[in-house]
Amino acid sequence: MPRAAGATVTALRVLGAVCGGYALTALTVAVGAVALSRAGMARSEAVALAAMLGFVLYLVLLLWGFSVRRVGRLWLGFGAGAAVMWALWRLLD
Amino acid sequence: MGDTFTKSMAALHTWAGVTIGALLFAIFWMGTLSVFSNEIDRWMLPDTRLEARDAATAPSLDRIAQAVVPGVPAGARQWRVDLPTARTPVVEFSYRGADGAEHGRLLDPSSYAFLPPQGSAGATGFIVPFHYHLHLNWMETGKWLVGVAAMTMLVMLVSGVIVHKKIIAQFFTFRPRKRLQRSALDLHNLTGVLALPFHFAIALSGLVIFMTIYFPQSYYGAYGSTAKDKAAFTAEAYGRYTRKPANAPGPLASLDAMRDRAEREWRGGQPYFVRVWNPGDANSYVELRRSYAHDMTMNLDQIYFDAATGEVLARFEAGPVMTVQRFFSGLHFVRFERWTLRWLYFLGGISGCVMIATGFLFWLEGRRARHAKHGLAGVAVVEGLTIGSVTGILLATSALFVANRLLPADAGYAGVDRAGMEIRVFYLVWVLAFCHAWGRCTRAWREQLWAIAGLCVLAVGLNWVTTGEHVLKALAQGQFAVAGMDLGLFATALLAMMALRRIKRA
């Protein structure tokens, strides 16, 4: 791979895994908190539980983001995840 | 990244380490010192070397109030006293003025008299906050940087385990007399694997403490996104009672009676701080929080009293999930009074420091020859970064302790008070250490190690000269915090000398 293309791919991967992974996690935390409170949990407790689990989810997403073979699949995967969460948010709202 | 899973994890481990390692070392070093923050406080604030008190002789809250209330200006929003503990033999009094700024004084719990201003932030005022926000308060930048470092730490622990497949074998392997590269890797693996559960738990619990900072939108869905929604979430999760001032004068009933009531409500649990909101107002109220000195979980139990009548206004106890959150917090804060565990935390912290430093050394030694041959600057840059962040921060900390004992009581310059000057010395020496490291390259290791050893011994000597206390005297008087700090400084000097010897053979 030419040097410039390699650098672009690396930048896309770091950006995707770190920022994309965080965005997906933050969205999942907020949606998860709503879902848990709808399931009958006190809403402050639901937020706390979702936020704590968020760190574990982010860790998994980071590791997956840095190990997945193709950087396109990383963006596709996170994009699909974000779309699902967004739909859930609309549904619960 | 890389063709196989293991290779991509190796690349991730290497590059995450090189970019975040320096920041991570600073956080680990300050966190390790924070384990003994109260003990370092006794050394840095000699007037507070009072005899430790037991809980049975808790000072009278009414006598404390008598002493401190005249010092609270009109219009203050609150004042607060933190009661003495087994580790802190003083009453910490503070108030928040009408402008929101906080002011503090220390009080002797036997005589109920103020101690003179200490002219130092101590460890709890500088080292502990450095550990969690790097003193970068603008937009919570420091907390976010620490959060990035903690997340990176988790990523590196997992990727590190995946990279090192022969983990059990490496657990028992340490070849201190081999080449530096080999020894560094052995030590990196040994500290990394031996303390793996500690490192994982400490990084994760650190993140959990600030979950509302790191996921600031977490409550948006369940509550809403306004400031009012945030206040509602905080009140429901962490507990908070508020009442608007009546803007008419009002009395303060007996605080001791309120404490007795709280202790009955808590079935023997004792308050660790008392806060009077809207003091002097007819709508003033008093907040008592239950101590967690003997629990891992930092409970959120709080009781609010009407200041004028002493009637209970509100009680709060955390829900089950928030209790788990406070368990994680307690796991990280080490506020409980267990000395064996405290020492294990300290050793865990040191092992983290060693792990990060040896990780850097392995990276450097593996590339030194190749970079020199191809004229690459990588090793020179990273070596300066390593020296500045490892020996540099040790040097800056030693300088902080020396400045603490050396600056005269009335020191001050250009609007910076004595406490501020101590902290400026720390940063100045740290910056100089980085410049020195990039200027002198590999030789800087040796020179900074010598300087650390010298400053540590000097700090012990200065403590003797300025306070009349040395290790034996402190031990005889039961001042274990002071003796421990002196011995710790000696141990640091000794370790620096041992590192010097090892470098010579490299």
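The values are calculated or read from the model by the stated rules, or taken from the named source; none is laboratory data. All values reported here derive from a predicted model rather than from experimental measurement. Here the Cβ positions follow ideal geometry from the backbone for every residue, glycine too, while neighbour counts run over all protein chains shown.
Remarks
- Hits in the stretch B:332-362 - residues which are of a type in the set (Ser, Thr, Tyr) and buried (at least 17 other Cβ atoms within 10 Å of the Cβ): B:Tyr345, B:Ser351, B:Thr358
- Inter-residue pairs, beta-carbon under 6 Å, first more than 8 Å from chain A (Cβ to nearest Cβ) and in the stretch B:220-235, second not charged (D, E, K, R), 6+ apart: B:Asp229/B:Tyr223; B:Ala232/B:Tyr223
- The criterion of at least 2 residues that are under 22 Å from the mean Cα position of the chain (by Cα) and either within 21 Å of B:Val91 (Cα to Cα) or aromatic (Phe, Trp, Tyr) (or both) is met, among strands (runs of 3 or more DSSP E) falling completely within the stretch B:273-326, by B:285-290.
- Taking residues in the stretch B:63-86 that are under 17 Å from B:Arg289 (Cα atoms) and without any contact (Cβ under 8 Å) to a residue 60 or more places away in the chain, and partners anywhere that are surrounded by 14 or more Cβ atoms within 10 Å (Cβ to Cβ) and of a type in the set (Asp, Glu), the pairs with Cβ atoms closer than 9 Å and at least 6 places apart or on different chains are B:Pro84/B:Glu92.
- Test: residue in the stretch A:80-87 that is buried (at least 22 other Cβ atoms within 10 Å of the Cβ), modelled with pLDDT of 95 or more, part of a helix (DSSP H, G or I) and of a type outside the set (Lys, Arg): no
- Search result, residues across the stretch B:1-27 that are surrounded by 20 or more Cβ atoms within 10 Å (Cβ to Cβ), under 13 Å from B:Thr152 (Cα atoms) and more than 14 Å from every other protein chain (Cβ to nearest Cβ): B:Gly21, B:Ala22, B:Leu24, B:Phe25, B:Ile27
- Among the conditions (1) under 22 Å from B:Met211 (Cα atoms); (2) buried (at least 19 other Cβ atoms within 10 Å of the Cβ); (3) hydrophobic (A, V, I, L, M, F, W, C); (4) at the interface with chain B (Cβ under 10 Å from one of its Cβ atoms), the only one that A:Val60 does not satisfy is (2).
- If the condition is being facing chain B (nearest Cβ under 9 Å) and within 16 Å of the chain's Cα centre (by Cα), then the stretch A:1-13 contributes only A:Arg13.
- The set of residues from the stretch B:188-219 being more than 12 Å from chain A (Cβ to nearest Cβ), among the aliphatic types (A, V, I, L, M) and either in contact with a Gly (Cβ under 6 Å, 6 or more places away or on another chain) or closer than 27 Å to A:Trp86 by Cα (or both) comprises just one member, B:Ala195.
- Residue count for the stretch B:1-47, restricted to those that are outside any helix (DSSP H, G or I) and free of Cβ contacts under 8 Å to residues at least 12 places away in the same chain: 4
- For the stretch B:329-344, a residue qualifies if it is closer than 23 Å to B:Thr191 by Cα and not basic (Lys, Arg), and the qualifying residues are B:Leu331, B:His332, B:Phe333, B:Val334, B:Trp339, B:Thr340, B:Leu341, B:Trp343, B:Leu344.
- Among the conditions (1) closer than 17 Å to B:Trp277 by Cα; (2) free of Cβ contacts under 8 Å to residues at least 40 places away in the same chain; (3) away from every other protein chain (no Cβ under 14 Å), B:Arg243 misses just one, which is (2).
- Any hit, the stretch B:341-351, residues being at pLDDT 95 or above, in contact with a Leu (Cβ under 7 Å, 6 or more places away or on another chain) and either hydroxyl-bearing (Ser, Thr, Tyr) or in the same structural domain as B:Asp41 (by TED's automatic domain parsing) (or both): yes
- Close pairs (6 angstrom Cβ cut-off, 6 or more residues apart or separate chains): touching a residue at least 40 places away in the same chain (Cβ under 8 Å) in the stretch B:316-340, surrounded by 17 or more Cβ atoms within 10 Å (Cβ to Cβ) and among the polar types (S, T, N, Q) anywhere: B:Phe316/B:Gln302; B:Phe328/B:Ser205; B:Leu331/B:Ser205; B:His332/B:Ser205
- Test: residue in the stretch B:50-64 that is touching a Gly at 6+ places or on another chain (Cβ under 9 Å), part of a helix (DSSP H, G or I) and crowded, with 19+ Cβ neighbours inside 10 Å: no
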